1. Within the group B:Lys354, B:Lys323, which residue is part of a helix (DSSP H, G or I), farther than 24 Å from B:Met235 by Cβ and free of Cβ contacts under 8 Å to residues at least 40 places away in the same chain?
2. Condition first: farther than 18 Å from C:Thr296 by Cα, facing chain D (nearest Cβ under 7 Å) and not in a helix (DSSP H, G or I). Now tell me which residues in region C:208-258 satisfy that.
3. Can you tell me which residue in region A:109-123 is nearest to B:Gly289 (Cα to Cα), limited to those that are basic (Lys, Arg) and out of contact with any Phe, Trp or Tyr (no Cβ under 7 Å at 6 or more places or on another chain)?
4. Is it true that A:Ala343 is touching a residue at least 40 places away in the same chain (Cβ under 8 Å), under 24 Å from A:Leu138 (Cα atoms) and either crowded, with 23+ Cβ neighbours inside 10 Å or at the interface with chain B (Cβ under 9 Å from one of its Cβ atoms) (or both)?
5. Out of all the residues in region C:130-166, which are over 21 Å from C:Val331 (Cα atoms) and more than 20 Å from the chain's Cα centre (by Cα)?
6. Name every residue in region D:49-97 that is among the acidic types (Asp, Glu) and either within 14 Å of chain C (Cβ to nearest Cβ) or under 18 Å from A:Ile65 (Cα atoms) (or both), in order of residue number.
7. Return the residue satisfying two criteria in turn: it lies in region C:261-273 and is within 21 Å of D:Met305 (Cβ to Cβ) and in contact with a Phe, Trp or Tyr (Cβ under 9 Å, 6 or more places away or on another chain), and of such residues it is surrounded by the fewest Cβ atoms within 10 Å (Cβ to Cβ).
8. I'm trying to understand the selection: among the residues of region D:285-294, which are within 30 Å of C:Gly285 (Cα to Cα) and either aliphatic (A, V, I, L, M) or at the interface with chain C (Cβ under 8 Å from one of its Cβ atoms) (or both)?
Number of protein chains: 4
Amino acid sequence: MNSFGHIFRITTFGESHGKAIGVTIDGCPAGVEVDETFIQSELDRRKPGQSKITTQRKEADHVEILSGVFEGVTTGTPIMMLIWNKDQKSKDYGHIKDQFRPSHADYTYQEKYGVRDYRGGGRSSARETAARVAAGALAKLFLKSKGIECTAYVTQAGPVKLEKHYSELDFGNIESNIVRCPDAEVAEAMITYIDGIRKDRDTVGGVVDCVIKGVPVGLGEPVFDRLHAELGKAMLSINAVKGFEIGSGFDGVSMRGSEHNDPFYKDEDGNIKTTSNYSGGVQGGISNGQDIYFRTAFKPVATIMKDQDSVDKFGNEVTVSGKGRHDPCVVPRAVPIVEAMSAIVIADFWLRAKSNKA
Amino acid sequence: MNSFGHIFRITTFGESHGKAIGVTIDGCPAGVEVDETFIQSELDRRKPGQSKITTQRKEADHVEILSGVFEGVTTGTPIMMLIWNKDQKSKDYGHIKDQFRPSHADYTYQEKYGVRDYRGGGRSSARETAARVAAGALAKLFLKSKGIECTAYVTQAGPVKLEKHYSELDFGNIESNIVRCPDAEVAEAMITYIDGIRKDRDTVGGVVDCVIKGVPVGLGEPVFDRLHAELGKAMLSINAVKGFEIGSGFDGVSMRGSEHNDPFYKDEDGNIKTTSNYSGGVQGGISNGQDIYFRTAFKPVATIMKDQDSVDKFGNEVTVSGKGRHDPCVVPRAVPIVEAMSAIVIADFWLRAKSNKA
Amino acid sequence: MNSFGHIFRITTFGESHGKAIGVTIDGCPAGVEVDETFIQSELDRRKPGQSKITTQRKEADHVEILSGVFEGVTTGTPIMMLIWNKDQKSKDYGHIKDQFRPSHADYTYQEKYGVRDYRGGGRSSARETAARVAAGALAKLFLKSKGIECTAYVTQAGPVKLEKHYSELDFGNIESNIVRCPDAEVAEAMITYIDGIRKDRDTVGGVVDCVIKGVPVGLGEPVFDRLHAELGKAMLSINAVKGFEIGSGFDGVSMRGSEHNDPFYKDEDGNIKTTSNYSGGVQGGISNGQDIYFRTAFKPVATIMKDQDSVDKFGNEVTVSGKGRHDPCVVPRAVPIVEAMSAIVIADFWLRAKSNKA
Amino acid sequence: MNSFGHIFRITTFGESHGKAIGVTIDGCPAGVEVDETFIQSELDRRKPGQSKITTQRKEADHVEILSGVFEGVTTGTPIMMLIWNKDQKSKDYGHIKDQFRPSHADYTYQEKYGVRDYRGGGRSSARETAARVAAGALAKLFLKSKGIECTAYVTQAGPVKLEKHYSELDFGNIESNIVRCPDAEVAEAMITYIDGIRKDRDTVGGVVDCVIKGVPVGLGEPVFDRLHAELGKAMLSINAVKGFEIGSGFDGVSMRGSEHNDPFYKDEDGNIKTTSNYSGGVQGGISNGQDIYFRTAFKPVATIMKDQDSVDKFGNEVTVSGKGRHDPCVVPRAVPIVEAMSAIVIADFWLRAKSNKA
């Protein structure tokens, strides 16, 4: 299924080197003011060629809105956003069209469908996430009007980790460096590390953290569509993601219940809050009004600039050679994708929650 | 939404202390032989009161099939499985009906719906997972006929970890001890640890690993319904789960692409395989024919036998007192739940894959 | 799929002669007051054995609510309603188990699934509609609190027609006769006609009209989920229904646009209304605030008390013999089913419309 | 929801006078040969300006495939088809932007969303059906490879009716006249009638019949997704449709069961067939292998070339003036739309039926 969401529902299409990619957003409420400059700026955060630590491929990724917006606001009808692919025609793929690149989707798509668009990974390319960023930008505009904000940033690149709690960070610094880590010192170490990896024609993984502020109590649905279950699915559906944890996550395993439980208290304004937030803002699958906090693990990019052993679709042993340009570490460009998908999840649950009470 | 799955679709209902809980399974193919003894035995693996390290509450959890099975086989129509709750009537809940227990769903349900069944956690109770185990048992029976098997086991309880790779383990040992860890020595350490926690009237978290063998190439759908995204959602929808990782997971982050990529080769029977499996059996969101391998993190159970500070629904400060019986560590009983949900995911994708090719 | 609805979503299960039938209602808002007496009374309107013109089979159809209701109100969690089948065990089906009764679903189920529960039609029996009536009763209770009411009644039984416009009828008379036609004189003619058919061991079709009052402007979704498209699907999913029309329906075909268009005007209270209602209360697939009006055609019941030629599953020519009890005309008992399904459709759209505007 | 279908799932977007309209088809199996000339020819059958009895507006409706097709075949990934709108910019809508045209969707959209694209009816325009025809053409190509064919034709235009049974007609004649009625004589009468209506600046309704041949036994799902219930929804979701009937439909109401039941027999090749087909090829909601036969009623087009009384959005009384070009009768252009939607329904059920048996 190339759709996601129950009320705020997106459907993406397009292959890496086909004519275009895009997204249709169904179920966005009418009356959302559409700031096209903002939407384009979100795509610019994801596009290749931004810095020395991302792929040097240049793509403009210009987004065009074809429907659903009239006189600057959404009309309640589907919003179609289109991004043309440039220069998708000419290249010669003869050498790779039958090869299965290690840890890519070449083999699985070929077997599943009996046919595949081998140009640049086709549908399995991370290029598809540009469409998600466009849709997510609209979700962000909607959420902003409700006082909700999704902020992601890099906390690990290879072995280089940011150890601080998010409350100690200044999110205003995220965009101030090319790796999108809000701590300048750690960012510098990450950049140095990634640049070394790049020179080594290799790749490395990373972690993107995300904090969602302003979420009201009551989003998320029992029992399968728990808020963090949908967030988890959304993150795990992003290319290269291999892990997801919310709140205390894997580290919470060795804690005791008496430490891990988040005591409720009433603040001076009469609001019910918790003194700690190991729950990550979600209890029983439903938001509790505290910050939602989760982490997403990205594996090293499969495209490396080295020769690798593999087989082709006829079962012959082949050498897959690495050439051209690549992303040594995907997390700097993944930041807007994580934000986009989380905004889509929250927007959907915000709308679903409208029918909780008679 | 209390439903899960696209073709093989389950819908659960029921509150912890209501009249009954149960599940309707829609989309199960006709002709599956229904071994009711097996289904009951799966419920017995989940039921409370099994050993000294689980809650001492006794529930028989007898499952009854009310529809969809005729002369021992499924008919293609919905299969309804019912589990009556015992002794749900008498108890006095006066002392807790307005209290919000820390890290439970009392507060979030109350705010979301304006009303809640406070008896034993109502719908948010892990009792709901008994219905999933019943449905999962049916999915297992279906998958078994296709040569697919889902096996889960405990690899961590609090700080006690099983460090071995799954290929070094004998899955035949899983049911030989009460903690469901296939390594006897580590199991013993886990049991000792959990029993200490229990005596301390506290709780602790744990990790359940799962290996799925026999999955053909081609299960999973682009781009949102990736196989591991649905598995992740399924796991994160289980009570107390805070993390999910597939294959290399969070550890893969610091690996290089040249290490992490799984090289393809052709075995002597002409089958395409990979020499390593950091992908965890899924590439591009689609099964590649290797073992599917994932891990699920459970937080410490929120119900502890200690007094805790909290507030009630009127905003008064209250002490939530711990009494009665509790599970000091949920993972031994979570093993069949993880297996059940993974079987449901795989069964659904198996059926979805039938329409891949014209 | 045995589910219907997008937010207010019902899932039914059960075979005619299995252990039980029932329905799970997901997405009903919390806080709806549940009048169990009313729900039972709706089932009583549908049950067999009510009068000489319905089947003489006696079934109590007692409904039991197993979840989702606490202290008399809905809690936002799934509401499970169960109806046990009585005396489902003993009977001998040897003579019909391999036969394909004409215009029943015996043949199609057998071919589709390779197996079928042949007892009383199994899943294809109209007995399944009892579960819909239970769910519809809850939808009615919800709608009543919003000022919306669905009223169905019989306008044709065989060739006997009620020719009056609904505005000329007193809906208070519907339950005053056994055929559920609000015009006493026509009702009498229908009863006489049906009774003759019954004595002739035959059956006949009929038409049920339905009027929904109090629907606000704005229910229904572009473009596939038009209000009347969902109503049509809901009606056509009822056993024996072969036709559906809204507003002017098939008769509107020969009208001119200048006659058929419904002119808008503003009434003395400032409300926008239409002077005619050929649209049947729906324009562009969305309710316009006028009465919703539609008609549903039921074919003659396939079970007749006469011998019929057919084949069995081995391809042998057989005589299907008619014995036992039957409904000579289904429409009197179909009235509460039509109301139930329309209430479910409207409840679902009412909830969906809550997210129209930002 | 702007999506339709469960496995073969289409999502349309676009407004009448926006930049473009289009459709994304998800779930089409890989390996379908895509004959773009055929797809375009289907759009040409729907396009305006074909003859004197359709609107004189000229639109090329050129369809472009942007994804999901590679080297002439489908790849299993979403197929996006785009149709640019021409000349959508310049026109002055000042006079109608606040008016509610009678029996159009102006009022309902305005109230539902609080905002609307008033240009040419926006999303509610029948222009959206061009996207359905494109998707339906692909469904037809898929079905053709399975030996299934959907054929629609006009049987009534205003009061002029074709009374013959479909078995007496030569479908090869359908495209031989501009009204798409396979009987030359009746076609002539229809054309004369419609041309008179056109000269009178008025409109009239009509009926489109459809026959689907080659459908195997077993398509359609219990109990809500009956084959004819989905067909009915599909038809009722087409602009201007007010009625749907399958097989005997409304006429079957006055038949007796003993006449209406379709007796089974075994033909000389050992196939089970029925001697009559009042069921219209569907029994118990599932195809029985006979021809599927249904009828769809279209109301007169709401756009007439006459002045009409109405109100505007401020509640003022206004005169809506008819000018420009219009379709005097929609059914000739509706023929390919009915075929398209029926092909989409059958393709979806064909794929769904693949998981009936274990």
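The values are calculated or read from the model by the stated rules, or taken from the named source; none is laboratory data. None of the values given here were measured: they were computed from a predicted structure. Please note: Cβ atoms are built from the backbone with ideal geometry, for glycine as well, and neighbour counts cover all protein chains shown.
1. Unique residue meeting the criteria: B:Lys354.
2. Once the filter is applied, which keeps residues that are farther than 18 Å from C:Thr296 by Cα, facing chain D (nearest Cβ under 7 Å) and not in a helix (DSSP H, G or I), region C:208-258 yields C:Val217, C:Gly218, C:Glu221, C:Pro222, C:Val223, C:Phe224, C:Asp225, C:Met255, C:Arg256.
3. A:Lys112
4. Criteria met by A:Ala343.
5. Within region C:130-166, C:Ser145, C:Lys146, C:Gly147 meet the criteria.
6. D:Glu64, D:Asp87 - these are the residues of region D:49-97 that are among the acidic types (Asp, Glu) and either within 14 Å of chain C (Cβ to nearest Cβ) or under 18 Å from A:Ile65 (Cα atoms) (or both).
7. The residue in question is C:Asp262.
8. D:Gly285, D:Ile286, D:Ser287, D:Ile292, listed by residue number.
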